[in-house]
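A short write-up of the structure that comes next.
The values are calculated or read from the model by the stated rules, or taken from the named source; none is laboratory data. On a predicted model such as this, the values are computed, not experimentally measured, just so you know. Here the Cβ is made from the backbone with ideal geometry for all residues, glycine too, and neighbour counts use every protein chain on show. To get the accessible areas, we keep the full protein, side chains included, count just its heavy atoms, and leave off ligands, DNA and RNA. Shrake-Rupley method; radii C 1.70, N 1.55, O 1.52, S 1.80 Å.
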Amino acid sequence: MTTTSSNPRTVSDTDAFWLREAERLDWTKAPTSASDVSWDASDLHIRWFADGALNASVQCLDRHLETRGDKTAILWVGDEPGVAKAITYAEAHEEVCRMASVLKARGVTRGDRVILYMPMVPEAAYAMLACARLGAVHSVVFGGFSPEALASRIEDCGATAVVTADEGRRGGKAIVLKKNVDAALTRNDAGRAVHTVLTVKVTGGEAAMQAGRDVWWHEEKAEASSDCPAEAVDAEDPLFILYTSGSTGKPKGVLHTTGGYMVYASYTHEKVFDLKEDDVYWCAADVGWITGHSYIVYGPLANGATTLMYEGVPTWPDASRMWKIVEEHGVTLLYTAPTAIRALMREGDAPVEKHDRSSLRVLGSVGEPINPEAWRWYHDVVGEGRCTVVDTWWQTETGGILISPLPGDPMTKPGAATKPMPGIEPALVDADGKVLEGEAEGNLVLTRSWPGQMRTVWGDHERFVQTYFTTYPGTYFTGDGARRDADGDYWITGRVDDVLNISGHRMGTAEVESALVAHDAVAEAAVVGFPHDLKGQGLWCYVILRAGLEPSAEIEKALRDQVRTEIGPVATPDVIQIAPGLPKTRSGKIMRRILRKIAEGAPDQLGDTSTLAEPEVVDQLVEGAARHR
Ligand code: WT7
């Protein structure tokens, strides 16, 4: 590694550095160059290792067969306590080959899009890797999204196949999946191109099978060949699309490609967790999010690790479940979200202390800022003061962790993401785009590309350019604010745009607003976040009803259901405040700053309200808000 002696994280020749990191993969054709990147809006392109060829499923499976064939690849832990299954690399390889054979026989080929709508079962990982094996592009849709949301994703990416399950299990409850797929495929054009719905039997619950289109995995599997040669694709062939919320419009399809993403997922997983051969690594995310992609499936399996996959939720059947799993399976590396840490912290130390956690070495946090109180509890109680806490900052768009402490760093700053990974170059800019030096607070940007960077928005390259590269030209704008202290450590302060973070789930205010206004009763809606003890942020919805309608508990409930139907339970509003009007400027722009302060319960900090068209609206809103607290 090229480093300077003063800061071991500084890389002087980044292209040479990344080309060396690329050697961690087994390429069919090794790349001879690293980056080919322009962030100039008129000619924006991002390519890494462009003349290389490889297959992602080979990185995760085939190449380990000789040395790790009998090692546990996926340690699956069921929702029901006591249920678990260890799947070796050899077994996972065989399952993936069979699933790839099934998809191939049904006509799925390189470049086709396949939607995965799956619970947390090993077949979810098999499906991802089976697509990768064929060079097909998967798009995982989180099981908590509604048929409506699923349909719009199927349509947007033009999927021809869906992999799903009859139902999922979570916290002792059944989660409907196949029925939602059926509903989604009858919406608009969503079903038109879909020739296959491959269905995994998980609970044995009800699943209507449409002849010709729908097939059972357990039936197909028995017939399928376990020999399915991997397609060697170009480094820049798409690996997956993952939809994520932005500050405007509908969710965008973040596109990641094969070579750069795999290098970056593998590199960060190894370095941030200080991975050793015998580690039992547990990332408690869902494969429906980027964390599950990079740090349950691709990173750990590329590194030949044992990755624990948990079907259930942290608090079921009780608050000791996670620690029971840690003890039973000897978990050494744990990666979870502040929202889970806060929920468990509330239950006190006893549920933690009744289980042996001496196996733990590194504790990761991801998804939202971690408050110092939760950080200390994680470090002192869960980790007995012995483990490194890595507060990892990154995004769906970045493919992997960009800013994080590393094992070995002094643990002195609860809540700081600290320093960029070697090869990553962040900066802070003010509102005019001026780069701030030294101790400063501003907007967080990246000034140089890295291999895991998203390549485009699926089907809308212009939106990609506009969203990330025009606010501060020459840089990638993250949408986050951050502070840098005197030691050069970064503290992420949260989104500076209209994106919310609800229990670590990303949600656009615009999305929730359009779900609300789609209801007949609603004339106008404005949605803001407010601080929430457990969820980090909650959803506060101001709604103006159509003329003649009176506020009522029924309407509030109907609107809550409306959002659940349009988006899914993850977006359930915390507060629906029916209001007589919204604070607008004379030119008609909603002053969200005022709405945020009212929702926060800080009406004395509204700031300048002199540009309001109807200042009296504010008093009515403040009064109305008090009734919701
Ligand atoms: C947004 C990205 C990163 C994978 C899971 C979420 C926030 C993420 C941290 C952290 C403070 C964080 C940011 C970011 N975020 N990690 N360690 N500290 N904030 O991915 O859904 O794309 O959300 O999550 O605001 O922009 P995502």
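At-a-glance table
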{"quantity": "Selected residue (only one of Gly504, Gly479, Gly474, Gly529 is within 16 Å of Asp574 (Cβ to Cβ), among the small types (Gly, Ala, Ser), modelled with pLDDT of 95 or more and out of contact with any Pro (no Cβ under 6 Å at 6 or more places or on another chain))", "calculated": "Gly529"}
{"quantity": "Residue in segment 362-376 that is basic (Lys, Arg), more than 13 Å from the ligand (Cβ to nearest atom), assigned to a loop (DSSP other than H, G, I, E, B) and open to solvent by 20 Å² or more (accessible area, probe 1.4 Å) present", "calculated": "no"}
{"quantity": "Strands (runs of 3 or more DSSP E) enclosed by segment 1-83 - at least 1 residues per element that are among the small types (Gly, Ala, Ser), out of contact with any Pro (no Cβ under 7 Å at 6 or more places or on another chain) and open to solvent by less than 20 Å² (accessible area, probe 1.4 Å)", "calculated": "72-77"}
{"quantity": "Residue that is farthest from Trp491 (Cα to Cα), among those in segment 415-458 that are open to solvent by 40 Å² or more (accessible area, probe 1.4 Å) and not in a loop (DSSP other than H, G, I, E, B)", "calculated": "Val435"}
{"quantity": "Output for segment 377-422, where each listed residue is hydroxyl-bearing (Ser, Thr, Tyr) and either near the ligand (Cβ under 10 Å from one of its atoms) or within 20 Å of the chain's Cα centre (by Cα) (or both)", "calculated": "Thr392, Thr396, Thr398, Ser404"}
{"quantity": "Test result for Val202, at pLDDT 95 or above, buried (at least 22 other Cβ atoms within 10 Å of the Cβ) and assigned to a helix (DSSP H, G or I)", "calculated": "no"}
{"quantity": "Candidate set from segment 282-316 (those that are among the aromatic types (Phe, Trp, Tyr) and out of contact with any strand residue (DSSP E or B) (no Cβ under 7 Å at 6 or more places or on another chain)); member that is least open to solvent (accessible area, probe 1.4 Å)", "calculated": "Tyr298"}
{"quantity": "Candidates Asn188, Asn180, filtered to the one that is at pLDDT below 95 and more than 21 Å from the chain's Cα centre (by Cα)", "calculated": "Asn188"}
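Conditions (1) polar (S, T, N, Q); (2) open to solvent by 50 Å² or more (accessible area, probe 1.4 Å); (3) within 13 Å of the ligand (Cβ to nearest atom), marked per residue:
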| residue | (1), (2), (3) |
| --- | --- |
| Arg484 | no, no, no |
| Trp491 | no, yes, yes |
| Arg506 | no, no, yes |
| Ala515 | no, no, no |
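Residues are listed down the side, and each one gets a yes or a no for (1) within 16 Å of the ligand (Cβ to nearest atom); (2) without any contact (Cβ under 8 Å) to a residue 40 or more places away in the chain:
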| site | (1), (2) |
| --- | --- |
| Val496 | yes, no |
| Val522 | no, yes |
| His532 | yes, no |
| Lys535 | yes, no |
| Ser552 | no, yes |
| Leu559 | no, no |
| Arg564 | no, no |
| Ala571 | yes, no |
